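In what follows, a single structure is set out as structure tokens and then discussed.
The values are calculated or read from the model by the stated rules, or taken from the named source; none is laboratory data. Because the structure is predicted, anything quoted here is derived from the model rather than measured. All Cβ positions, glycine included, derive from the backbone under ideal geometry; neighbour counts span all protein chains shown.
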Amino acid sequence: MKGKILKGVVTGIENYGVFVQFDDYYTGLIHISEISDGFVKDPSDYVSVGEIINVKIIDVDDTMGHLKLSIKNIQYKEKRKTRRRKIKETSLGFKTLEYKLPFWIEENLKNHTKNLKTIDNQLRN
């Protein structure tokens, strides 16, 4: 099992490492020293709770169901394929922006004024 790469769910993040759940029995810890070759100030800069990541098994404690894990030198996050939408040009071109811009400005000014009045009222109370 050592050296195998598995998928797991990040269940907790502490200043010393990241906890990962695999099934009802096996859980693991990625110690902060196994996150990157560089300095790691905060493990939450690399993963977040609930995220599914790939991890490499360093050591196994079968009696306790604990795994020592690493994400160093592996692609621990899967690359997402992003689809780019093709931009369709219209015959109006920028005319739509030119037409709607004054309405958008007026609407935002009204909202901004309303928010200022709300904040002012809150400060007075």
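Can we say Ser48 is outside any helix (DSSP H, G or I) and polar (S, T, N, Q)? Break it down stepwise before answering.
Details: outside any helix (DSSP H, G or I): yes; polar (S, T, N, Q): yes.
Yes.
In the stretch 51-68, which residues are in a strand (DSSP E or B) and either aromatic (Phe, Trp, Tyr) or touching a residue at least 24 places away in the same chain (Cβ under 8 Å) (or both)? Give the derivation first.
Within the stretch 51-68, the first condition is being in a strand (DSSP E or B), and the residues that meet it are 52-61, 66-68.
The answer is Ile52, Ile53, Asn54, Val55, Lys56, Ile57, Ile58, Asp59, Val60, His66, Leu67, Lys68.
Between a residue in the stretch 73-102 that is assigned by TED's automatic domain parsing to the domain that holds Ser44 and farther than 24 Å from Ser48 by Cβ and any residue that is among the aliphatic types (A, V, I, L, M) and part of a loop (DSSP other than H, G, I, E, B), which pairs come within a Cβ distance under 8 Å, given they are 6 or more apart or on different chains?
Matching pairs, first to second residue: none at all.
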